[in-house]
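Enquirer: Quick one: the structure is below, and I'll ask about it shortly.
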Amino acid sequence: MLVFFAIVRKELATVLGSPLGHKITLVHLGVALIALLLGWPVSYMLGQAHWAPAFAWWVYAEILVLSYLALAISGDVFELSDKIRPGEWVVYGVATPITVLFGQTVATLITLLLWLFTSLPVFFLAKALTPITAEQLRNLAFFGALLLTTLTQVGMWMSAAVESRPWRIAAIDIAYSALMLGSLVLQRLPGGERSQLLIQPLEVAARILHITPQEVLGGSAVGTLVQSALPQTTAASEPQTLPWFSLCLVYGTILVIAGLLSFVMLRQWRNKQA
C-alpha cells in the first residue's frame, strides 16, 4: 500500500508540478474559453429564447483535449524530469505489476480530473447558456469516466511495451486518430449500423445532449458569422436512445484487454531483472 501511494504521489508531483504541467493547465483553460466563445451566438440577446450550444462546444473541447492527454500522460510521451515509466517502477521501485498498474491509473485520472476542475467557471457559464438536465450530466460523467479510464489503460500498455519514445508518440497519435476518425469511417461502411457502432466520443456526447452537428454549428457564433445559422429554436433535437450496452461492451473490452496486456508487459519487465 505504501508503494501504491508513493507511485500516485510521485506521478502527480511530476506531471502537475512541472513547467509542462503548468503550461497544459493554461492551454486547457484557453481551449475551454475558446470553445465557449465559439458556442456563444453572435445574435444572442438577454430576454430572448434563443438556444445557445455553448455547453456542447465545451463538452466537445474537453473530450478532444482530455482524451489525448489520457493517452499521452499514461503513455509517457512528454519529456519530464524525474519521470518514471511503469516498467521502471517494477525494476527500481520493487513494486508489483498490479500495484504499478493501479497506481499510475489512479494518478493519471486524478491529474485529468484536476485539469477538468480548472475549467469549472467555463462549465457553469456554458451551462447557464444551454439547458441541460441532471440526467444528461450524469450520463456525460459516466461516459467520460469510461472513456478516460479506457484510454489510460491503452496508454499504459504502450508505455510498458514500446521502449522508443518517438515510436510511443507515433502509436499514441495513431490510437487517438483511430478513435476520433476511424470509428466514423467504420460507421459509414456498407452494412454498418450506427446504433451498434456508436463509439465515436463526440457522437456519443451529441446523443447524450440531444443535439445534432448542424444544430451545434447553426446556433453558434461560427454559424452566425458564416451565415449558415439555422432558424432560432427553443429546443434541440428529439432525445434518441443511447446504446449503453454496446458502449460498455466496446470500451469495457478495450479496457480489460489493454489492462491485461499492461500487466503482462510489466511482469516481463520484472522477469528481465530476475
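Every read-out reported here was derived from the displayed coordinates using simple, explicitly stated rules and does not represent laboratory data. What you see is a predicted model, and the numbers here were worked out from it, not measured in a lab. Glycine also receives a Cβ, built like all others from the backbone with ideal geometry; neighbour counts cover every protein chain displayed.
Enquirer: If I model a spin label at Arg270 and Leu37 as a point 7 Å from the Cα along the Cα→Cβ vector, what separation in nanometres do I get?
Expert: 5.1
Enquirer: For Lys127, which lysines qualify as cross-link partners when the Cα separation must be under 27 Å and same-chain residues fewer than eight apart are set aside?
Expert: Candidates past the 8-residue exclusion: Lys23.
Enquirer: Given H placed 1.01 Å from N in the peptide plane, which residues other than close sequence neighbours of Thr130 have an amide H under 5 Å from its amide H?
Expert: Sorted by chain and number, the residues that satisfy this are Phe55.
Enquirer: Could I ask something else about it? Order 16-26, 139-149 from most to least packed using the mean count of other Cβ atoms within 10 Å. Can you show the working numbers first?
Expert: Details: 16-26: 14.2, 139-149: 17.9.
Taking the mean over residues of other Cβ atoms within 10 Å, the ranking is 139-149, 16-26.
Enquirer: Moving on. Apply the Karplus curve 6.51 cos²θ - 1.76 cosθ + 1.60, θ = phi - 60°, to the phi angles in the stretch 201-208 and return the couplings in whole Hz, x for Gly and Pro.
Expert: Couplings: x, 5, 6, 4, 4, 4, 5, 5 Hz.
Enquirer: If you don't mind, there's one more thing I want to ask. Would you grab the residues whose amide H sits under 5 Å from the one on Trp40? Only those 5+ places off in sequence or on another chain, please, with H modelled 1.01 Å from N.
Expert: Amide H to amide H, under 5 Å and 5 or more residues apart or across chains, Trp40 pairs with Ala221.
Enquirer: Using the basic label-point model (7 angstrom from Cα toward the beta carbon), what is the Ser177 to Tyr92 distance in nanometres?
Expert: 3.3
Enquirer: Also: Mind checking Rg over Rh on the stretch 72-124, alpha carbons, Kirkwood formula for Rh? Could the numbers behind the result be given before it?
Expert: Working: Rg = 13.9 Å, Rh = 12.6 Å.
Checking Rg against Rh, the ratio lands at 1.10.
Enquirer: In nm, what is the difference between 0.36 nm times the number of residues separating Phe124 and Ala145 and their Cα-Cα distance? Mind dumping the intermediate values first?
Expert: Details: separation 21, 0.36 × 21 = 7.56 nm, distance 1.98 nm.
That works out to 5.6 nm of additional length.
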